[in-house]
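Q: First, the structure itself, so that you have it in front of you.
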Amino acid sequence: MVLADITGKTVLAIDVFAHSIKALINHLMDALEIQGTGVISTDIKWVLTVPAIWTDNSKQFMRKSAEKAGIQNDHLLISLGPEAASILCQYLSTEKLSSAESDFTMSKVGTKYMIVDLGGGTVDITVHEKLAGGCLTEISRATGGDCDGTSVDVEFIQLLTKIFGAPLIHAMKREQPETFHDLIREFETVKKDNYTIEEWED
């Protein structure tokens with residue numbers, strides 16, 4: 001499988017994923033070294049999350065990419081994104097759960113909640129219930145689709161193309177890729193900001 005950049009140049013997908021994972025590894029290890037922890041990469045159990053709707057082949061691809069990035073197979077765990085998010089929520093205080101009722105707690109046995117994982121590539125939705133002994137059970141099987149942040153980016157680019165014309169957008173991608181990426185990054189920032197309906201109307 002190959003991926004194409006904005007200029008149309010192709011590269012093996014596994015190389016892109018491996019380099020991305022390697023960059024994350026290096027970033028963490030540099031931070032640990034600065035802090036003087038003495039931790040080395042083989043001390044770490046690496047967990048990579050993947051969309052719940054991914055096939056087994058896609059998960060295996062991620063595992064191979066991680067191994068190519070230098071993570072040993074016995075130090076690697078592939079986890080579904082919604083499951084990882086659900087576990088994280090067990091340790092969050094109610095104050096950090098937006099719009100949660102004052103008496104709501106994730107740790108209470110019998111608590112049922114929906115996990116909506118809005119990612120850049122996919123949206124995954126599942127429902128879990130807290131059991132005794134700190135366990136979780138899946139009430140509703142994870143489902144989702146390609147209605148994600150990247151899809152919004154595509155629509156934004158199509159809108160720009162409609163306004164300014166395809167030749168200009170293609171020329172920007174080809175001749176000024178840094179400018180094009182800056183534009184997309186700025187759009188990403190706007191997407192992440194919290195706006196009320198009134199603010200959008202203004």
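Q: Could you check the range 42-60 and list, in sequence order, the residues that are outside any helix (DSSP H, G or I) and over 15 Å from the mean Cα position of the chain (by Cα)?
A: Correct list: Ile44, Lys45, Trp46, Thr55.
Q: Please go through the range 110-148 and pick out each residue that is outside any strand (DSSP E or B), without any contact (Cβ under 8 Å) to a residue 60 or more places away in the chain and of a type in the set (S, T, N, Q).
A: Selection gives Thr111 alone.
Q: Can you tell me which residue is surrounded by the most Cβ atoms within 10 Å (Cβ to Cβ) among those in the range 67-87 that are of a type in the set (Gly, Ala, Ser) and either out of contact with any Leu (no Cβ under 9 Å at 6 or more places or on another chain) or assigned to a helix (DSSP H, G or I) (or both)?
A: Gly81
Q: Being surrounded by 15 or more Cβ atoms within 10 Å (Cβ to Cβ) and over 30 Å from Met106 (Cβ atoms) narrows it down to one of Lys22, Lys9, Lys64, so name that one.
A: Lys22
Coordinate-derived values only; no laboratory data. Quick caveat, the model's predicted, so the values are computed rather than measured. Cβ sites come from the backbone with ideal geometry, for glycine too, and all protein chains shown count toward neighbours.
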